[in-house]
Amino acid sequence: MEQEEYDYSIGLDTPYWIQEIRIKGKVWWTFQTPVSVSFIGIMFFTAVIMVLLTLPFMKILANVSIIPLTLWIVVPWRVGRLYVETDPDGKKIHYYLWGMMCYIKGFVLDSRGIYDGERRVKDKSKIIFEKTKL
């Protein structure tokens, strides 16, 4: 009888740390933290954008304490998670966005026709047919 070996690559491919908060030995809260460079980068980029967009309105936002917290912490966290966890067409988001930009550059913005594997400019000269006697 053969024993099946456990495949450790399943655990290594998982981009999450599952964390638990325990109080008196009981699990009180469980949450997942996406751990990847793209998550941290997108979260930082979104936080900088949110700070720059809300900086002119800081006097108004200072009166309500929950709004800056939400805009500067929760929104970047959610955008980072959305970026990491979404797989359109089974690809990572950055590969999908790169492919979409290449498609827009190559086919939407370039209106030349493709003939024999090359881009061709449409010939603007008229074709004139003359009558001939055969």
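The values are calculated or read from the model by the stated rules, or taken from the named source; none is laboratory data. All of these numbers come straight from a predicted model, not from anything done at the bench. Cβ: placed from backbone, ideal geometry, glycine included. Neighbour counts: every protein chain shown.
Among the residues of region 16-39, which ones are of a type outside the set (Gly, Ala, Ser) and either touching a helix residue (DSSP H, G or I) at 6+ places or on another chain (Cβ under 7 Å) or modelled with pLDDT of 85 or more (or both)?
Those that are of a type outside the set (Gly, Ala, Ser) and either touching a helix residue (DSSP H, G or I) at 6+ places or on another chain (Cβ under 7 Å) or modelled with pLDDT of 85 or more (or both): PRO34, PHE39.
Pick out the one residue from ILE49, ILE114, ILE60, ILE128 that is assigned to a helix (DSSP H, G or I) and either farther than 30 Å from SER36 by Cβ or in contact with a Leu (Cβ under 7 Å, 6 or more places away or on another chain) (or both).
Going through ILE49, ILE114, ILE60, ILE128 in turn, just one is assigned to a helix (DSSP H, G or I) and either farther than 30 Å from SER36 by Cβ or in contact with a Leu (Cβ under 7 Å, 6 or more places away or on another chain) (or both): ILE60.
Suppose we filter region 84-134 for residues that are surrounded by 10 or more Cβ atoms within 10 Å (Cβ to Cβ) and either touching an Asp or Glu at 6+ places or on another chain (Cβ under 8 Å) or among the acidic types (Asp, Glu) (or both); how many remain?
Number satisfying all stated conditions: 6.
Checking PRO68 against (1) of a type outside the set (A, V, I, L, M, F, W, C); (2) under 15 Å from the mean Cα position of the chain (by Cα); (3) surrounded by 13 or more Cβ atoms within 10 Å (Cβ to Cβ), only one condition comes out false. Which one?
Every listed condition holds for PRO68 apart from (2).
Please determine whether any residue of region 67-81 is under 30 Å from PHE44 (Cα atoms), touching a Gly at 6+ places or on another chain (Cβ under 9 Å) and without any contact (Cβ under 8 Å) to a residue 60 or more places away in the chain.
There is at least one residue in region 67-81 that is under 30 Å from PHE44 (Cα atoms), touching a Gly at 6+ places or on another chain (Cβ under 9 Å) and without any contact (Cβ under 8 Å) to a residue 60 or more places away in the chain.
Given the options MET43, MET58, name the one that is modelled with pLDDT under 85, hydrophobic (A, V, I, L, M, F, W, C) and in contact with a helix residue (DSSP H, G or I) (Cβ under 9 Å, 6 or more places away or on another chain).
From the options MET43, MET58, the qualifying one is MET58.
Got a number for residues in region 90-111 being part of a loop (DSSP other than H, G, I, E, B) and more than 26 Å from PHE39 (Cα to Cα)?
Matching residues across region 90-111 total 3.
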